[in-house]
1. Can you go through B:Ile308, B:Ile304, B:Ile323, B:Ile286 and tell me which one is hydrophobic (A, V, I, L, M, F, W, C), part of a helix (DSSP H, G or I) and surrounded by fewer than 21 Cβ atoms within 10 Å (Cβ to Cβ)?
2. Has segment A:141-156 got at least one residue that is surrounded by 22 or more Cβ atoms within 10 Å (Cβ to Cβ), within 17 Å of the chain's Cα centre (by Cα) and among the aromatic types (Phe, Trp, Tyr)?
3. Only one of (1) on the phi > 0 side of the Ramachandran plot; (2) assigned to a loop (DSSP other than H, G, I, E, B) is not met by B:Ser318, so which one is it?
4. Evaluate segment C:195-216: report whether one residue or more is surrounded by fewer than 19 Cβ atoms within 10 Å (Cβ to Cβ), at the interface with chain B (Cβ under 8 Å from one of its Cβ atoms), within 26 Å of C:Thr374 (Cβ to Cβ) and not basic (Lys, Arg).
5. Can you tell me how many residues within segment C:328-349 are under 13 Å from C:Pro383 (Cα atoms) and not in a helix (DSSP H, G or I)?
6. Is it true that B:Leu392 is on the phi < 0 side of the Ramachandran plot and over 24 Å from the mean Cα position of the chain (by Cα)?
7. If I go through segment A:346-386 residue by residue, how many of them are at positive phi and free of Cβ contacts under 8 Å to residues at least 24 places away in the same chain?
8. List pairs: first in segment B:89-104 and basic (Lys, Arg), second exposed (fewer than 11 other Cβ atoms within 10 Å of the Cβ) and at pLDDT below 90, Cβ under 9 Å, 6+ apart or cross-chain?
Amino acid sequence: MEDTHKNITSFIGYNKDHKISACEYSSAQNFKELEPLMANPIPETSPYPKALEKTEHQQAEVPSTFQRAKAVIFRMVSYLSGDMEVFGEWMKRQFFLLQLLDWVLRGAAQVVFVNSPLSGMIIFGGLILQNQWWAVNGFVGTLFATISALILRQSREAIAAGLYGYNGILVGLLMAVFSDKGDWYWWLLLPNIVMSMACPIVSSALASINSRWDLPVFTLPFNILVCLHMVATGHYNHHFPQVLIQPRSSLPNITWSEVDTAKLFRAVPVGIGQVYGCDNPWTGGIFIAALFISSPITCLHAIIGSTIGMVSGLALASPFENIYFGLWGYNCVLACIAIGGMFYVLTWQSHLLAIACAFFCAYLSSAITNVMSTFGLPACTWPFCLSALTFLLITTETKNIHKLPLAKVTYPEKNLTYFWKMSKAEKAGKLQKHKQNIQQAEREEEVLTETDKKKWINQHLNNNETVINIVTFQPEEDEKPEPENGRN
Amino acid sequence: MEDTHKNITSFIGYNKDHKISACEYSSAQNFKELEPLMANPIPETSPYPKALEKTEHQQAEVPSTFQRAKAVIFRMVSYLSGDMEVFGEWMKRQFFLLQLLDWVLRGAAQVVFVNSPLSGMIIFGGLILQNQWWAVNGFVGTLFATISALILRQSREAIAAGLYGYNGILVGLLMAVFSDKGDWYWWLLLPNIVMSMACPIVSSALASINSRWDLPVFTLPFNILVCLHMVATGHYNHHFPQVLIQPRSSLPNITWSEVDTAKLFRAVPVGIGQVYGCDNPWTGGIFIAALFISSPITCLHAIIGSTIGMVSGLALASPFENIYFGLWGYNCVLACIAIGGMFYVLTWQSHLLAIACAFFCAYLSSAITNVMSTFGLPACTWPFCLSALTFLLITTETKNIHKLPLAKVTYPEKNLTYFWKMSKAEKAGKLQKHKQNIQQAEREEEVLTETDKKKWINQHLNNNETVINIVTFQPEEDEKPEPENGRN
Amino acid sequence: MEDTHKNITSFIGYNKDHKISACEYSSAQNFKELEPLMANPIPETSPYPKALEKTEHQQAEVPSTFQRAKAVIFRMVSYLSGDMEVFGEWMKRQFFLLQLLDWVLRGAAQVVFVNSPLSGMIIFGGLILQNQWWAVNGFVGTLFATISALILRQSREAIAAGLYGYNGILVGLLMAVFSDKGDWYWWLLLPNIVMSMACPIVSSALASINSRWDLPVFTLPFNILVCLHMVATGHYNHHFPQVLIQPRSSLPNITWSEVDTAKLFRAVPVGIGQVYGCDNPWTGGIFIAALFISSPITCLHAIIGSTIGMVSGLALASPFENIYFGLWGYNCVLACIAIGGMFYVLTWQSHLLAIACAFFCAYLSSAITNVMSTFGLPACTWPFCLSALTFLLITTETKNIHKLPLAKVTYPEKNLTYFWKMSKAEKAGKLQKHKQNIQQAEREEEVLTETDKKKWINQHLNNNETVINIVTFQPEEDEKPEPENGRN
């Protein structure tokens, strides 16, 4: 019985320990702040899944030069990819402003579910390429959202993961994008700061609601606050006028011969760029790179999502300019990433679900664009939020669609390894339990034949919230009954 | 004490056993797949309530010819009315396509809360009378919604009850009704199939939310998906244009002398027909018949609801055409059925509540029609969903408004018998408990005088969520009791 | 250990006992239905916080004339301020119609979170000053909402606190304000009665949802029902036409030289008056007085809120007329009261939060006004409801923002004293427990050496889902009890 307990404990402990990321498994004792330790060879081949599996006899093997080189490369990759946990750990010992920068960069990348300062830096690079004024606004937004979260004493861990920054960067960027005053209108920073400081408030409130269903808040705070700002001021405001958005009352004739195939293909990276409100295909390409270095699965689903959005635009007879401009893509990108490996464990079934979700999202995107335009508003990422939440709420009897508990979500590759470990542990646990049951049965039989005097009556009647316990002891001699909890 | 346990178990078992419907109580052993067994007479008179009460001495009586005839008729009625559970049981042994047809037919009838393939068939008859193209779309919608639920591995029991089909039939029908391309535009089947396959996804997601308050999803998935499709494409779409709906900016003058009383009366069946989007009064009449054979109480409330809608239309100065066209009726029909006996047990109080709900629904109907027309959308059944959900969320201190747990909802007549059984069992249970307490007290006294060593104190205080356990041990020898947590 | 139990019980009892308000602490035995007992002097100075602290040696002191006078004044104040619980207790013994009047008056005051018939009376005075027809409608609304709650068998305690009336008065008032038929159009009372009778239904339904997050329903039922009525009838209705509200398509030029400072200052009381739809500054002044006599903290936050609204209007370049008319103020008033001391305990942090909430509310107010005008609707108090709910849903790690459980909310001053008592009791409890642990350890040692009989008392007090287990062992010999779970 105690063995089981130890097993469970060690298993739980395992996950916590290995939050310190895949790479540090071999050298926890001689790890010296990001210094690449070439001396310690690791005979692993495939980077992600096997990375966590500790081969216990590896020290016994004599590593070849090839193995060493591979180990070095793998270590380099593991430092820079994933959620860069080693770097994060190192950051914890640095001074505050540097930490804040780390959080801001992670916040910038968290828009596409990536928890990595490197990706964040690359993304800011892409933004500067697109428009420097927008980049400034994005940075200010992320910074003040993070500061506001600190003031409001939100969970330090969540702040460090950039989970309070990503709404801020979107608020900052999109307020600049939709401002009708043009670039470098410095007064805009004022509502920008106010709105991004409101982000953690709305995030925290929404999390209180969504946590009941173990759902994330996604970019809902951004959607709410940007729509709030735009509709509160409007196109005719004297201080902060917004771009004029009007409902379409007719559609231009579509002639298929006019389709520009090159532009159509370019719509895929542009769609990814539009997640941050950018229409420059190079910026989109940079974002793809930022995704790839952190998580190839995420990157793949982003591209699939953007393609699905483009195809849906054609199927629903949208004007070509909208498709070229990436307006059909960005919501599908986010929805496809969220379902495909991020919040569900990646299996073939959940991959198909991600594709279905992207199509649903494209449809929803068209609908929401039309509805919001009545109020002079853009669709923002409402379609993504609503479709992803819908698909995360599905319950099904198949075990191949496995929703991760929110606290365990990291990035697709790590989610997969976590899931595999869990399945393995479950099987092992069952075997262990089976053995124990037999042992216990034997022990109990002995006790019975020996003293013939003990009785156990445990009745658990559990309707709704009623618990009736009737426990009767009539022991006359030594006995060590151990009724632990109702689940034995 | 063990007696109590048996009693409780048998009581719980009772309800489960009798899920096998009213009709099969007399002949569980010699039941031969729907073959009407004339030989076994049942001396029952009133069809519904008494049906479940097993008269234990009935075999002893010699049945007269009259009794036999009545029994035969009653058996016939019980086979065809209610939720046709015997037929459903028989279906389970048939091959897949036949089962699927059963589920589709039940799905068609579930729109009006009827779980009966016979009613479903009659309803399809009414639809064909109205418009064959619509009927085709409705069938395709139900079929693909059911198939999609199977693919997504939803609860087989719910699928077999048609609970995944009813949104599909509405999606199929209403997409055909609101299409601007006219009948037999075959391309429409494409979005029809896509949207009806999305039904189980939205249903499942909404059920995850609503189940927290033990509420059904009603036709919310249909409302969401049809509005989604209509607003995503719109009137000016090249592939799938929608009927043009515009907000009214003025109302025609109403002169009471112009009222056509005949049309006003005809609005009652038309209102019931409009549940399926049909304006043919004969179709409405057929639907009334379909309701009646399954559940007279449901049928009555449908008629009451439609009448209330018509009256409300007059009271709120609606243009007469809308009233004649049944637009004021269909939401009230559904709301009145839902509250009057379906989700609440039918009492005078809940009957009055159903009438209040129908009036509230009519008001809401007018409001939602105006709001939705801004986006070029019809009201669909939003008013019904919102008003019924509101009325189901009410909490009150009176015991005469008894909300059934969602898992126990079948149809008004069966709900009533279930409720009566429950009340009776509760009373019986109290008596039984009282007797046992006396017996136990006597036994305990003996024990006390004999050994003077045992005590039992079981206190079960169960307010809301409070459980107080007081367990007293008076062992004489070595013992290591380990009270771990409240569930032992 | 038994002492602890007593202590806890008495502590729980304490709060209940002292619900009978601050004033009755000295003369529970010789209290004679509001008769001011001059003979019994109370040497208290500060009215609110110290009021509850019973000085046990006060009878021993000989009171001076000054002390007597002060005592008399304090008693008078305590009778008329706060929630007038003594008066409420006295009312319980009066005949029904008088009670109903008390409930109606409390309902009128509950709009601004004041549970006092005196404030209610003053508020009705202000309404009569503004417009007699509106006052009549407000009275009818409150009356029928209360009656409807009685019919629906809602909690008698909540009805007596006016919690079912405040939506009624707003429904009545605002339906009269927005009616396009002018004053004294008696037919309006018909929809007024219907809508106010629907208030408890919507309240009860919303409470079922909001109670999951321990949130109040605020004025949501009023918002829903008035919007429902206005959009269901609209401007062009023949029976009940509404004032025409249209979306603004442009803004007048704002020249700061045109600002009328006097009107700007007057906007503060007008903003408070607009809570009840009144634009008369004198009426607003009367409402301020009504607030002050019940709770100065509430009054202060009302003024702060109205000022913030006015400032926000200027910041967002609103037309000056809207600001003068108090349209920017009333939502901020309510939001500022709700967060500042009412649902959060008043601390510096929650005070700042209230100010932030008022600014957020002003922004939201502008946004919602623009969105609602698309449907010809006013903003009602949607901005207040949404912003206050958002700020009440925030979770934070700081202990200085303490949300009161909904059942414990009374008025800011009493909330504070309750909070102080709780903190004190917690500290005292800890000390007490520590002492007892020592004592018990000693006793147990004695017991062990003396009689070899042990006692176990396990108390689990667990809010939310309370499980109290009391397990008593009286074994005569060696025993090793092991209380496992962490809550012992």
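The values are calculated or read from the model by the stated rules, or taken from the named source; none is laboratory data. The structure presented is a predicted model; accordingly, all values stated were derived computationally and were not measured. Reconstructed Cβ throughout: ideal geometry from the backbone, glycine too, with neighbour counts over all protein chains shown.
1. Only one candidate qualifies: B:Ile304.
2. no
3. (1)
4. If we filter segment C:195-216 for residues that are surrounded by fewer than 19 Cβ atoms within 10 Å (Cβ to Cβ), which is where we start, we get C:208-214.
With at the interface with chain B (Cβ under 8 Å from one of its Cβ atoms) added as a condition, the list becomes C:208-209, C:212.
Going one step further and asking which of them are within 26 Å of C:Thr374 (Cβ to Cβ), we end up with none.
Within segment C:195-216 (the criterion being surrounded by fewer than 19 Cβ atoms within 10 Å (Cβ to Cβ), at the interface with chain B (Cβ under 8 Å from one of its Cβ atoms), within 26 Å of C:Thr374 (Cβ to Cβ) and not basic (Lys, Arg)), the answer is no, since none of the residues qualifies.
5. Number satisfying all stated conditions: 2.
6. Taking the combined requirement at face value, the residue does not satisfy it.
7. So the first thing to find is which residues in segment A:346-386 are at positive phi, and the list is A:376, A:380.
Then drop every residue that is not free of Cβ contacts under 8 Å to residues at least 24 places away in the same chain, which leaves none.
Going through segment A:346-386 one residue at a time, the tally reaches 0.
8. B:Arg93/B:Glu33
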